[in-house]
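In what follows, a single structure is set out as structure tokens and then discussed.
The values are calculated or read from the model by the stated rules, or taken from the named source; none is laboratory data. No experiment lies behind these values; they were computed from the predicted model shown. Cβ sites come from the backbone with ideal geometry, for glycine too, and all protein chains shown count toward neighbours. Only protein heavy atoms, including side chains, enter the accessible area calculation; ligands, DNA and RNA are left aside. Shrake-Rupley method; radii C 1.70, N 1.55, O 1.52, S 1.80 Å.
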Amino acid sequence: MSSSSLLEIAAGSLASALVAQEGGADRVELCSSLAEGGITPSYGMLVAVRERVRIPVYVLVRPRAGDFLYDAADFEMMRRDIETCAKLGFDGVVIGALDADGHVDPRCRELVGAAGKLGVTFHRAIDASVDLSRALEDIIALGCERVLTSGGCANALAGAQAIAGLVRQAGERIRIMAGAGIRSGNLAEVARLTGAHEFHGSARAVVKSSMRYLNPALQDLAPDIERSSAEEVRAMKAQLPY
């Protein structure tokens, strides 16, 4: 397993994916609705990104926001989305599900099977699990190549000690990617405290709306958007320790 550091950018749009590429990111995690923790992107976004982004792209496969307890219909949707990602030629998918007691759902094995030759990352569902150590062993048994985690805390810096424990537990069996709240200002500190080699962040900045007319009655519809910043991506990349 390589010891060189890697930066993954969570991109919630084609524009953010292109910015991540421009800024020097090593990989993109493509999703929609980042404000809700990310859900599966639309087919149109998948096609556009696959046509224009050259760096590796992993697609988040999550049918809805909220918890990670999914019924049979949810699993069917996820399986079909994974098959679509494989047909479109993506590099990998990002999955995760728990049972009602907070353990890794054994049905995740079906999702890994559907991925075939695609790489598979297990997402931050691990942080909602009842036992991080046991969850990691279950994820390894599934055959995932990496797991994204904040150490069960609100952000990776707060969970640095737990992430470091997962890094030690994982050894060479699976990659531990630290994520949640990572920016250029704290990436080096997270790296030092955790010993992780892969880091995940969105590098988002607010982009002001270009609308000349805004209806003042629509206070619930914020016109500005958030998009990854090439400058922040470069700054994060510069903080990689290895």
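Select, from G143, G113, the only residue that is open to solvent by 30 Å² or more (accessible area, probe 1.4 Å), among the small types (G, A, S) and over 18 Å from the mean Cα position of the chain (by Cα).
Step by step, each of G143, G113 is checked, and only G113 is open to solvent by 30 Å² or more (accessible area, probe 1.4 Å), among the small types (G, A, S) and over 18 Å from the mean Cα position of the chain (by Cα).
Can you tell me which condition V104 does not meet? The list is (1) under 17 Å from the mean Cα position of the chain (by Cα); (2) within 14 Å of D138 (Cα to Cα), and all the others hold.
Failing condition for V104: (1).
So, in segment 56-81, exactly how many residues are open to solvent by 30 Å² or more (accessible area, probe 1.4 Å) and either assigned to a loop (DSSP other than H, G, I, E, B) or in contact with a helix residue (DSSP H, G or I) (Cβ under 6 Å, 6 or more places away or on another chain) (or both)? Lay out the reasoning, then the answer.
At the first step, the residues of segment 56-81 found to be open to solvent by 30 Å² or more (accessible area, probe 1.4 Å) are 56, 63-69, 71-73, 76-77, 79-81.
Narrowing further to those that are either assigned to a loop (DSSP other than H, G, I, E, B) or in contact with a helix residue (DSSP H, G or I) (Cβ under 6 Å, 6 or more places away or on another chain) (or both): 56, 63-69, 71, 79.
Going through segment 56-81 one residue at a time, the tally reaches 10.
I need every pair where a residue in segment 206-220 that is within 20 Å of A230 (Cα to Cα) has its Cβ under 9 Å from the Cβ of a residue that is open to solvent by 100 Å² or more (accessible area, probe 1.4 Å), sequence separation at least 6 or different chains.
Partner pairs satisfying both residue conditions: V206/E226; V207/E226.
Looking at segment 40-61, is at least one residue among the polar types (S, T, N, Q) and within 14 Å of the chain's Cα centre (by Cα)?
Yes, some residue in segment 40-61 is among the polar types (S, T, N, Q) and within 14 Å of the chain's Cα centre (by Cα).
All but one of (1) small (G, A, S); (2) closer than 20 Å to A35 by Cα; (3) open to solvent by 10 Å² or more (accessible area, probe 1.4 Å) hold for A203; state the number of the condition that does not hold.
(3)
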